[in-house]
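A short worksheet on the structure shown next.
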Amino acid sequence: MPATFYGRCLGRLLLLLLLCTSVSGGSPTDPAMTTQDSNQTEVNSVTKMQAGHESSGPGVATEKLKPAGKENSYNVSAHEILLSGVSGAPLEKNVPVPSPAKVELTCKLDENSNLKNPQVTWKKGNETISHTSKTPNSWTVQLTISESSQLGSYSCILKSEKEVSAVFHLQVPKIEGKEKPVITYEGDRAVMVCKTEYNPKAWTWYMTNGTELVAIDKILPIDKFQIKRQSASVNRLEVLKLSKEDRGVYWCEAAFDLGSAKMRFELRVLSIMAPLKPFVAIVAEVAILVTTIFLYEVYSKRKGKGGEKELDQTERLKSEDNVTRRRK
């Protein structure tokens, strides 16, 4: 009985030990493996995050410089030159480009032209470029202008029995202003106005000092120079209490996304006596003329009196001679 009881207990203990071993499956080493796997997972996660940042870094910088879809958001401007087919000097057209844009340039041949089936070449400067679309009588090139180096002269050349060409000048918008010298007087004020068809990002006025351009709004006194922005596209400079030291060359500059444009002004400051000089000269001439006439009249009168005296003496001598003859 006791042997049977102990045998059963031992068998149950062995069975319980086997069950625990099979259920745990090497539990003494598993915690270490689990920790290592966990650490490896964290390392992999950090590596992926770092890799993600590294790969997204240039993408972010690229988006700052050129956002996704920016080209599609560019304004599209189309320009065309109609060619008659008569050879001669190339036809030219200025195309203002103030900011990044898509530009379509088209050379179109007049339907009544005698130039048939011409060979067409597009060039930027001396570099040949391909045109993107054509019809029986027109040839178009599509450009994406995103930086100043892409501005310049684009030409189309049509060759057949004759050669005709056209040139598109892509450039920063020009400034409109008075090209003639600004003439005013000491103590007065001078006004110079710059206009442009497009709205620049900034306006700057300069005064020439020798060979250098000095920004007026940074170093010169406000009570002497006043810059007034009438609108986004119109800017004016007023120079007050003029003196001879203020004369010289002035520049206005309009800054656009693709570059800047300048306009030159020449300021001439005259003295107050300057407008009186012609009047003084006229008065002097009149005085000289009057004096000459007066002197001539005096001289004429004196000469007339002298002649009368000589005539009287002659007649007196004649009468005396006649009396003497009668007495004889």
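If R0 equals 56 Å, the separation of the Cβ atoms of R302 and E179 corresponds to a calculated FRET efficiency of about 0.35.
If Y299, Y206 are ordered by their accessible area, calculated over protein heavy atoms with a 1.4 Å probe, which sequence runs from highest to lowest?
Working: Y299 135, Y206 45 Å².
Descending accessible area places them as Y299, Y206.
For K178, nonlocal amide neighbours, meaning residues 5 or more places apart or on other chains whose placed amide H falls under 5 Å from its own, are V193.
Segment D188..A287, full-extension length gain: 32.4 nm, with 0.36 nm per residue of separation and the alpha-carbon distance subtracted. Heavy-atom accessible area with a 1.4 Å probe sorts T208, T291, T106, largest first, into T291, T208, T106.
Note on exposure: Y74, Y296, Y198 ranked by accessible area (1.4 Å probe, complete protein assembly) read Y296, Y198, Y74, with the most exposed listed first.
For segment 142-195, the square roots of the Cα gyration tensor eigenvalues, ordered a ≥ b ≥ c, give a/c of at least 1.5 with a/b no greater than b/c, which places it in the oblate category. Ranked by the mean number of other Cβ atoms within 10 Å per residue, highest first, peptides 150-160, 107-117, 262-272 order as 150-160, 262-272, 107-117.
The values are calculated or read from the model by the stated rules, or taken from the named source; none is laboratory data. Predicted model, so just to flag it, every value in this text is computed and none were measured. Every residue, glycine among them, receives a Cβ derived from its backbone with ideal geometry; neighbour counts consider all protein chains shown. What goes into the accessible areas is simple: the full protein's heavy atoms, side chains included, and nothing from ligands, DNA or RNA. Shrake-Rupley method; radii C 1.70, N 1.55, O 1.52, S 1.80 Å.
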